[in-house]
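Quick notes on the structure that follows.
Laboratory data are not the source of any read-out in this text; all were calculated from the coordinates shown. Keep in mind the model is a prediction, meaning the values are calculated, not measured.
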Amino acid sequence: MVACDLTDADLRHADLTESDLQQATLNGGKLSGARLVSTDLSDADLTGVGAEEEPVRLDGSCLNQACLSGAVLRNASLIGAKLRHADLTDADLTGADLTGADLTRADLRTARGLTADQLLAAGSVGKARLDPTLRAACRRSTHGTGPAARGPVGQEVQP
């Protein structure tokens, strides 16, 4: 299903495990309860997708260079997902499990649009690959110490 157009598709509870959805367009799609485990979503457009009702499973999926701008991925499972150079501008990652996820860019800077606020709202970021500046901002924010705690939070970090 490479480069397929699934704009506004209702994929709630769909099982697309190990699918090849490179360059697919899923704008505005409904993903609540969907399983996209180990799915290739490289360069896919997931602008505004929603998984508000039930978490979507994206464990081990490749979302490199994917656009997730404005996506609602509350409580999503992104364990070990690859999000290198993904656009996460305004994505809702509240309660998401980002354990072991790769959230860096090729130059080891943070994925586009990713903020400390998004990471602090996530359920888990343990062992996630992050830009060191962003990881430090998250640590300072959780401890609430000093002016640095207010620095990059709410803003995209660009070292």
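Quick look at the values:
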quantity	calculated
Cut-off under 5 Å, modelled amide H: who pairs with Gly60 long-range	Ser38, Ile79, Gly80, Ala81
Length-normalised contact order for the range 27-108 - Cα pairs under 8 Å, 6+ apart - percent	25
